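Nothing in this text is a laboratory measurement; each read-out follows from the coordinates by a stated rule. Note that this is a predicted model, so its numbers are computed, not measured. Here Cβ is always computed from backbone atoms with ideal geometry, including for glycine, and neighbour counts include all displayed protein chains.
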Amino acid sequence: MSGDRPHESGLTHLDEAGRVRMVDVGDKAVTTRRARARAEVLMAEETLGTIVAGGLKKGDALSAARLAGIMAAKKTPDLIPLCHPLALSSVQVEVTPLPGRGRIEIVTDVRCEGRTGVEMEALTAAAAAALTIYDMVKAVDKTLVISGIMLVEKSGGRSGNWLRPATPL
């Protein structure tokens, strides 16, 4: 179908006429796909202490963030236009308080057997987990900052493996 060719700009999400479209991945091989992403929530050290001690009135922000990240990964095609729905085989969300640094680190790991990657699912999971912490803590600390949402690595598919070079954060 002529509409499946990319736009002259080379952008795959545009058809020949420049209209937005979902990329046809039907001819791509099914491979194991994996992506890891991360985010951080920065806060006052006292706020972090309250979270770790379980003293938030809204409840356990760390557990809520884990669950939100998992749910968000599964809902990515409902949130991000043109994302393909995928049968995810695993979604892991690590939420780690870093005392002395006033931050919570979120690392996500998403996997599937599919024709397209899971980078957006991993990034969406990290963002939703960070936003959940923000929501649960905002009444206690107005200085919260969500930072460093990024893809850390990905594997599988035609483009192969990719690992983010070390970057200071």
Open item on the list: For Lys142, give me every one of the aspartates and glutamates with a C-alpha distance below 17 angstrom, ignoring sequence neighbours fewer than eight places off in its own chain.
Closed with: Glu40, Glu45, Glu46
Open item on the list: Within 13 Å, Cβ to Cβ, of Ala139, how many net charges do the neighbouring residues add up to if Lys/Arg are +1 and Asp/Glu are -1?
Closed with: +2
Open item on the list: Straight-line reach only, C-alpha to C-alpha below 13 angstrom: list the aspartates and glutamates that Lys74 could link to, leaving out same-chain residues fewer than 8 apart.
Closed with: Asp109, Glu119, Glu121
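Taking the convex hull of the alpha carbon atoms in region 91-169, what volume per residue do you get, in Å³? Could the numbers behind the result be given before it?
On the way: hull volume 7.5 nm³, N = 79.
In region 91-169, the Cα hull volume divided by residue count equals 95 Å³.
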TODO: Determine which residues of region 138-169 fall in the zone a paramagnetic label at Ala44 would reach in this model, i.e. backbone nitrogen under 15 Å from the point 7 Å along Cα→Cβ.
DONE: 138-145
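Pulled fully out, how much extra length does the chain show between Met22 and Leu67, if you take 0.36 nm times their separation in residues and subtract their Cα-Cα distance? Please list the in-between numbers first.
Numbers: separation 45, 0.36 × 45 = 16.20 nm, distance 2.87 nm.
Separation in residues times 0.36 nm, less the Cα-Cα distance, equals 13.3 nm.
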Task: Listed peptides 24-30, 153-159 by packing density, highest first (mean Cβ within 10 Å) - done: 153-159, 24-30
Open item on the list: Show log10 I(q)/I(0) for the chain at q = 0.08, 0.10, 0.11 Å⁻¹, two decimals, from a solvent-free Debye sum over equal Cα scatterers.
Closed with: -0.30, -0.45, -0.53
